[in-house]
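For reference, the structure is listed below as structure tokens.
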Amino acid sequence: MPTIKNPNVQPQNALNFSVEFTTTNLDNGQPFVEPFVVTGPNGSFNIPLNAVAYGGTKIFIPLTTNTSNGASYLKIWLPQPSNDKMYITFCIKASQMNDGYYDYLTGIPAAYRTDLRNWILDGANIPGVPVTYGKTLVFSAIGKDTNQSAEAIQFRVKLYGSFGNSPTSNTQTF
């Protein structure tokens, strides 16, 4: 008898960050809706991303070297044919879910925040004074209707964390 898995929530119902794509008709200046193909993430990192693709619809990025159940990940939901948005959700590995990962619906636990902050640091030393670090993920997007590589755009998603020895060092921006 097959194991029944729990369905994943749609990304817009999870705690998320979204990127919306539009294309402008150069003849009339009006935007029009078209599906997009997104590639990436790329970037220059001290610690490799080790991103894993899932069925052409999602990309999972581990935030630590732990990849067992309960491990912290970022999940990138690539735009689908009927959607002009890309979502990034905060999740943990959970074998009981359809895609193998549980997305947080509200609030992120302290242990996940610690993993995310360390991932943002990317191996950098924490200074003794307050500082904000960011980690930038680089993507490329191209409309399926326009579908010309010369029309592809590069965009960045940057996650920030505040670090250092100060009363405000626990402030995080994600």
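Nothing in this text is a laboratory measurement; each read-out follows from the coordinates by a stated rule. As the structure is a prediction and not an experimental result, all values here were calculated from the model. Here the Cβ positions follow ideal geometry from the backbone for every residue, glycine too, while neighbour counts run over all protein chains shown.
Counting only helical runs of four or more DSSP H residues, what would the 222 nm mean residue ellipticity of the chain come to if each run contributes -39,500 (n - 2.57) and the total is spread over all its residues?
-2000 deg cm²/dmol
Using the alpha-carbon atoms, what tilt in degrees (0 to 90, nearest 10) does helix 110-121 show relative to the longest principal axis of the chain?
70
Would you mind giving the three semi-axes, in whole Å and largest first, of the ellipsoid equivalent to region 37-79 according to its Cα gyration tensor?
With the √(5λ) rule applied to region 37-79, the semi-axes are 18, 15, 7 Å.
For the chain, which longest stretch is free of loop sites, where a loop site is one of the trypsin sites (Lys or Arg not before Pro) that DSSP puts outside H, G, I, E and B and that has at most 13 other Cβ atoms within 10 Å?
Free of exposed loop sites, the longest segment is 6-143.
Answer with one residue from 12, 74, 24: the one whose Cα lies farthest towards the positive end of the charge dipole of region 1-105, charges on Cβ with Lys, Arg +1 and Asp, Glu -1.
74
Based on Cα positions only, what radius of gyration and what Dmax would you give for region 1-79, in angstroms?
16.9, 57
Taking the alpha carbon gyration tensor of region 65-174, what are the square roots of 5 times its eigenvalues, largest first, to the nearest whole Å?
30, 21, 11
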